[in-house]
Amino acid sequence: MSKINVAVLGATGSVGQRFIQLLENHPYFQVTHLCASENSAGKTYAEVMKKRWKISGDIPKYARDIIITLPDPKVTPGVKLAFSGLDASVAGEVETSFAEAGIHIISNSKNHRMVENVPLLSAEVNANHLDVISSQKTPGKIVTNSNCTIMGVTISLKPLYEKFGIESVMLFSMQAISGAGYPGVPTMDILGNVVPFIGGEEDKAEIEPLKCLGRTEGGKIINADFKISAHCNRVPVFDGHTVCVSVKFKRTPTESEILEAWSSFKGEPQELKLPLAPDFPILYRQEEDRPQPRLDLETGRGMTTVVGRLRPDPILDWKYVVLSHNTVRGAAGAAILNAELMYRKNLL
């Protein structure tokens, strides 16, 4: 199969930069268009990003001389797929226009996440949700990622939900400042501090895992039937969202049953050996003080969900800690993995 021409929408933002980094020399996709606001349009990517590139390493050579265009399907000829890192304030209308023009969209924005026939796709968790895109009316199809905070949480819950059933979940997030985009949180607000509020985050954390873990029926997705309570906090960590999770099960498993469920869990990306798929979606750390962002964030090239500190919960049943890379596994990397899955399933 030949490479597919793709565009990155919101290419100058923090998620857009991750897309550009992760798509370098990709075996399935070739970036031909980088799209951003009118302030950047008409300039080369290198010219615009001279002082704005915030990822370790240099701007990939392939992207430097690409002339930035507006996020408009009329000026992206030959593109079959667009990765969207657009801000939610503009993403909805722009993404719809691409889909109407016959260009598939894989989006990190929240705008289409809760539409019944738009998959909230986590490739290892709910690949079967791609079945519902045939009910979308536009020639191009829209697929979304979940919120970065709950990406690793949902992956960790998937094998437990399937094997033991879940009645309720309580989660407490400690979210990195990179999750706020660039320039992020002001220094005087975050250094030596914890901010116990992130606008809209708790609502997303309480509903999106239910859609991810739901079932398909009649061309739409029916949410899972348990409840989630979330507390979301911003902490002075650059990358990596850490979440403390407590779970009440329908059938209470033993410690060994939970560990076996995690260690044996794999999905279609692993079966298909997709380029960005980690060998194991979940890694359990035995050390009593892990996972930690500084030590564990790059596990599986940032695509592995790292879990630790499994122990009995005196109120619910079991509790543990989840770490995931918010701009890789929780954003650009997840979107690319979703696209790889669609590519191999001939949905592009």
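Observations on the structure shown:
- Whole-percent carbon and sulfur share, accessible surface of the stretch 1-145, 1.4 Å: 48
- Over the stretch 160-319, Cα pairs under 8 Å with separation of 6+ residues give a relative contact order of 28 percent.
- Anchor residue 319: lysines whose Cα lies under 19 Å away (excluding residues fewer than 8 positions away in-chain): 158, 163, 227, 248, 250
- The count of lysine pairs in the stretch 1-81 whose Cα atoms are under 17 Å apart, excluding pairs fewer than 8 places apart on the same chain, comes to 5.
- Charge context of residue 343, other residues only, Cβ under 15 angstrom, K/R +1, D/E -1: +3
- Mean separation of Cα contacts under 8 Å (6+ apart) over length of the stretch 283-337, as relative contact order %: 34
- Restricting the stretch 180-283 to chymotrypsin sites (Phe, Trp or Tyr not before Pro) that sit in a DSSP loop and have at most 11 other Cβ atoms within 10 Å of their own Cβ leaves 197.
- Over the chain, dividing the summed -39,500 (n - 2.57) contributions of all DSSP H runs of at least 4 residues by the number of residues returns a 222 nm mean residue ellipticity of -7500 deg cm²/dmol.
- Net charge of the neighbourhood of residue 50, taken over other residues with C-beta under 14 Å away and scored Lys/Arg +1, Asp/Glu -1, is +2.
- Average Cα contact separation per residue, the chain, under 8 Å, 6 or more apart, as relative contact order %: 18
- Fraction of beta bridges assigned by DSSP in the chain that are antiparallel (%, nearest 5): 45
- Relative frequency of Cα-Cα separations exceeding 17 Å in the stretch 41-123, percent: 57
- Range in the chain, longest, excluding exposed GluC sites (Glu not before Pro) [loop by DSSP; at most 16 other beta-carbon atoms within 10 Å]: 117-286
- Cα-based convex hull, the stretch 12-53, per residue volume (Å³, whole number): 75
- The angle between the Cα long axis of helix 333-344 and the longest principal axis of the Cα atoms of the chain comes to about 80 degrees, rounded to the nearest 10.
The values are calculated or read from the model by the stated rules, or taken from the named source; none is laboratory data. Everything quoted here is computed from the prediction, not taken from an experiment. In this analysis, Cβ positions are derived from the backbone assuming ideal geometry, glycine residues included, and neighbour counts consider all displayed protein chains. With ligands, DNA and RNA removed, areas are computed over all heavy atoms of the protein, side chains included. Shrake-Rupley method; radii C 1.70, N 1.55, O 1.52, S 1.80 Å.
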